[in-house]
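**Student:** Submitted below is the structure of interest, expressed as structure tokens.
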């Protein structure tokens, strides 16, 4: 999955004020499963993606289409996606 897709999933969750814990509850999966969605290299099945869409009541375009970013005002990157960036700065 492209990095842009991950960013849009995180933004949809943030726009709907849904925490990762709440998203896990809505999907009926463990929290660690939802956390894995944001790891580099994770490749969800189409069934998983469609379940995300169903739970979030959005279309596939809302998760993957970069036009989503152009249709709304720029939003800051969700803080929970900056964990690796903070760690890299501390290591420098």
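Values in this text are rule-based calculations from the coordinates and carry no lab data. Computed from a prediction, not measured in an experiment: that's the story for all the values here. Glycine also receives a Cβ, built like all others from the backbone with ideal geometry; neighbour counts cover every protein chain displayed.
**Student:** Restricted to segment 24-42, and to residues that are farther than 13 Å from residue 52 by Cα and part of a loop (DSSP other than H, G, I, E, B), which residue is farthest from the chain's Cα centre (by Cα)?
**Tutor:** The selected residue is 30.
**Student:** Considering only residues that are loosely packed, with under 10 Cβ neighbours inside 10 Å and free of Cβ contacts under 8 Å to residues at least 12 places away in the same chain, which ones fall in segment 30-52?
**Tutor:** Result: 32, 39, 40, 41, 45, 46, 47.
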